[in-house]
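Everything on this sheet refers to the single structure shown next.
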Amino acid sequence: MDTPLRSEAQRRADEIGIFQAELARLDAEGVLRLDAAQQQAVREHHAALLAGFAGRFDIDRDLQAKQLSLGMRVASFLGALALAASVFFLFYQFWGYFDETAQVAILLGAALGSMGLTVWIRTRDASGYFTKLAALVAFACFVLDLSMLGQIFNITPTDRALIPWAALAFLLAYACDLRLLLAAGICCVIAFVSARVGSWSGIYWLHAGERPENFFPVAALLFAFPALVAHRHLTGFASIYRVFGLLCLLVPMLVLGHWGYGSYLADYEGFATRTIEGGYELAGFVASALAIWLGARRQWPDTVNTGITFFVIFLYTKFFDWWWDVMPKYLFFLVLGLAAILILLVLKRLRRVGQAAGEGAR
Amino acid sequence: MKLTPWKTFAAGALLILLANAVALTGVYLNRSGEPDSRLTLSQRELTLPWGWGMAKENSGMALRLNWRIIDAGASAGEYFDGGFGFSGGTPEWLDTARMAALGFDTAALAEGNEGRRRFERQLPREIVLVLELAGPAWQQALERAQQNAARHEAARLANADSKEFAAKAKRAQELLKREETQNSRLFAIDAGLDRTALRAKYPDRSRFLILKATLRPRLVVRDKTTRATGYVTALAVTQINVPHALRPLLETAQGTRRRTADDAGPHFEATLAVGRRLEPWLESVPAAR
C-alpha cells in the first residue's frame, strides 16, 4: 500500500535535512570532512530520494514549505468541516421537495458518490489535503444518510448506527492516511462502547454519559490498541489512540472529582459523595503521573504531554478548592506560579534521568 | 492486506449499502402486516411545525405527537393546564410497585433520606407507554376544567366588584374552551416492559397507541408525603415525518394558522399507524382545511 508511506517519506526527508545541516556543521568545525566523491554521492543519493518523494507524495522539502503546509492543513481541516456542514444544509434545504424513493436514492447516491470521489481524488492528490476534504464530506454524507433515513421513516434512534459510521471513518483513515477521520472513528467507538456499558445496567443509551465511569472500559481499549496492533507506517495514529484513551480516563476522573454524585459508587452505602470525589481526585493525580512516567519511559511525547496537562489541571483545581476563597489573590497566583516552577524542575530531572538511561542503554 | 483504491471503494460501498439495507429492512419489517395500532388523530394531537429559526431552511415537514399526562403533582379536583404543546410529566398512576416492575430499584426507599436519594439518582430506562385517545383520562381533564371554570365563576359572582376575580373567571373559561376544542385528547395511561401483555390489556387498536418512551425516577411531595414515581421524559420517536404525497393537504392546513385565541386555526385529521417495531408513520390525511 503506497498511501500510508507519505508520512514515512516526510520523516525521511526531515531526517535528510537534519543530516545535511549537521554534516555542514561538522565540516565547518573540521570534525568530519567527506571527500568530493563522497559528498557528490551523498548529495546525489539524497537528491534522488527527495525528488522521488516529492513526485509521489508532495512532501515538504524545506522549512518554508513546512510552514506553508501547516497553513494548508488548517485550511483543509476548516474547509472539510465547512463542506460537510454545507452538504448537511443543502439536503435539508431541498429534501422536502422529493418523494421518499428519491430521498433514499439521493442519500445513498451522495454517500456512494462521495466515497468514490474520495478514492478517485486519493489517486491524484499527492499532498493529501484534497483527499482529507473529500473524505470528511464522504463521512458526513454517510452520517447524514443514516440519520435522515431515521427521520424519513421515524426509526427509533439507536447506538448501533455508530458502528457503520465508525467502520467507514476507520476505512477512510487507514486507506488514505487521515488522522482527522481516525479521530472521527474513535469518537464513534467511544460513544458506542460507553453507551453499551451503560445499557448493561439498564440505562437508556442516550443517558450513558451521565455516569462518567462508563468511559473507563473504552479508555483501556483505546490506550492498549496501538500496543496490540502496530502502526509503524501511519505517523500519528498510535498517538491519537493513546491521547483519546487518556482523555476517556482523565476527563471522567476530573468530572467525578467534582461531582461524586454522578458515580456508580454513590449507589452503595459507605460511599459518601465527598469520599468519592476525594478518591477520584487522588486517582486523577496518580493516573496522570503514571501517564507521564510511562510516556517518558516509552518515549511517547503525546502521553507525557497529556499526562502533564491533566496533572496541572488536577493540581490547579485542587488549589482553587483549597485557597481561592481564603488567600489574597496575589498569593494564590504566586502559589500557582511556584507550583509551575516545581513541575518544571521535576520534569527537567525526569528528562535527565531518561537521557542517562538512554545513553546507558547505548 | 494492501488497500488499493479499488478495494477501498468496494469495502466502503459494501458498508454503505449494507447499512442502508439493514435500516430499510427494519422499516419494511415494521410496516409489514397489520399495524399494531391505527388511530385517527386531529390537529389537537398532531402539531404542525412552526417554521422558526433554523427550521426555516428545512424543507421537510414533520408533525409532533402532542400527548398529555394527568399530573401527580396536581391536587385532586385542580385543573392543570398541561394540554397545549405539552408532552411529558409525572403520571398519577405511576406508583412504587409499578416503578419496581419497570426495572427501577425501589428497595432503597425504605432506608430514609439516603435511600430516596439513591432511588432518584437512577438514570432513565426505556419503557413501553400506552396512550389512550379521548378516553376516561381526557374526560377527567375535561371535568376538572369544567369544575375549575365553575369555581372561578362562583368566586366572581361572590366578588362582583373585584377585577381580579373577573380576570380569573375569564381565564378559567378560556381554559375550558381550550380543553373542549383545542387540547390534545391523547393521554398516557399505562406503562410496562412487555408490549404483548399491554396489548392484551388494551386490545382496542383504534383507541390505544403503544409506543416506546423513556422514564426517569422522581420523588413527588404532596401533603407532606413523599411518593416514589417517575417522569416520562420523551417518546423514542418524537416527530413523525409527513410523506411527500400527504404534504399538499397539510400545507393547506398549515397556511391557516391561528392569529387570535378565537381563531379556529388549522383543522385536519390524519391516520397514524404504529408497526411491529413500535415505530409510527403517517398513513393518510382524510381531512384538512
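Just a few scattered comments:
- For A:MET148, A:MET327, order by how many other beta-carbon atoms lie within 10 Å, fewest first: A:MET327, A:MET148
- Sequence-distant lysines (8 or more away, or on other chains) whose Cα lies within less than 27 Å of A:LYS329: A:LYS318
- With only the Cα atoms considered, the protein assembly as shown has a convex hull volume of 233 Å³ per residue.
- Under a model in which nothing but the beta-carbon of Lys, Arg (+1) and Asp, Glu (-1) is charged, segment B:91-152 shows a dipole of about 180 debye around its Cα centre.
- Sorted by Cβ density within 10 Å, fewest first, the residues A:THR131, B:THR196, A:THR306, B:THR40: B:THR196, B:THR40, A:THR306, A:THR131
- Per-residue ellipticity at 222 nm, computed for the protein assembly as shown from helices alone with -39500 (n - 2.57) per DSSP H run of at least four residues, works out to -20000 deg cm²/dmol.
- Lys/Arg +1, Asp/Glu -1 at C-beta; the protein assembly as shown dipole; positive extreme among B:GLY89, A:LEU172, A:LEU347: A:LEU347
- Projected over all directions and averaged, the alpha-carbon convex hull of segment A:211-362 occupies 11.2 nm².
- For chain A: rounded, prolate or oblate by the Cα gyration tensor [a/c cutoff 1.5]: oblate
- Net dipole in debye of chain B [+1 Lys, Arg Cβ; -1 Asp, Glu Cβ; about Cα centre; nearest 20]: 620 debye
- Partner shielding of A:219-232 amounts to 0, given as the average count of beta-carbon atoms from other chains within 10 Å of each residue beta-carbon.
- Relative contact order of segment B:34-288, defined on C-alpha pairs under 8 angstrom at six or more residues apart (%): 30 percent
- Peptide B:232-240, shielding by other chains (average Cβ, 10 Å cutoff): 3
- Simple Cβ-charge dipole of the protein assembly as shown, Lys/Arg +1 and Asp/Glu -1, about Cα centre, in debye nearest 20: 380 debye
- Options A:GLY295, A:PRO252, A:SER127, ranked by Cα towards positive dipole end of chain A, top entry (Cβ charges): A:GLY295
- Listed residues A:VAL218, A:VAL286, A:VAL189, most fluctuating in chain A (Gaussian network, C-alpha, under 10 Å): A:VAL286
- Comparing B:LEU157, B:LEU129, B:LEU48 in a Gaussian network model of chain B, where Cα atoms under 10 Å apart are tied by springs, the biggest mean-square fluctuation is seen for B:LEU157.
- From least to most packed, judged by other beta carbons within 10 angstrom and beginning with the fewest, B:TYR231, A:TYR204 follow the order B:TYR231, A:TYR204.
- Size-normalised alpha-carbon gyration radius of chain B, reference 2.2 N^0.38 Å: 1.21
- Dipole of the protein assembly as shown computed with +1 at Lys/Arg Cβ and -1 at Asp/Glu Cβ about the Cα centre; of B:PHE119, B:ILE240, A:SER239, farthest Cα towards the positive end is A:SER239.
- Cα gyration tensor shape for segment A:271-344, rounded if a/c is under 1.5, else prolate or oblate: oblate
- Across peptide A:153-164, the mean count of Cβ atoms from other chains lying within 10 Å of each residue's own Cβ comes to 6.
Any read-out appearing in this document is the output of simple, stated calculations on the displayed coordinates, not a laboratory observation. Just so it is clear, the model here is predicted, and its values are computed rather than measured. For neighbour counting, all protein chains shown are included, and Cβ atoms are generated from backbone atoms with ideal geometry for every residue, glycine included.
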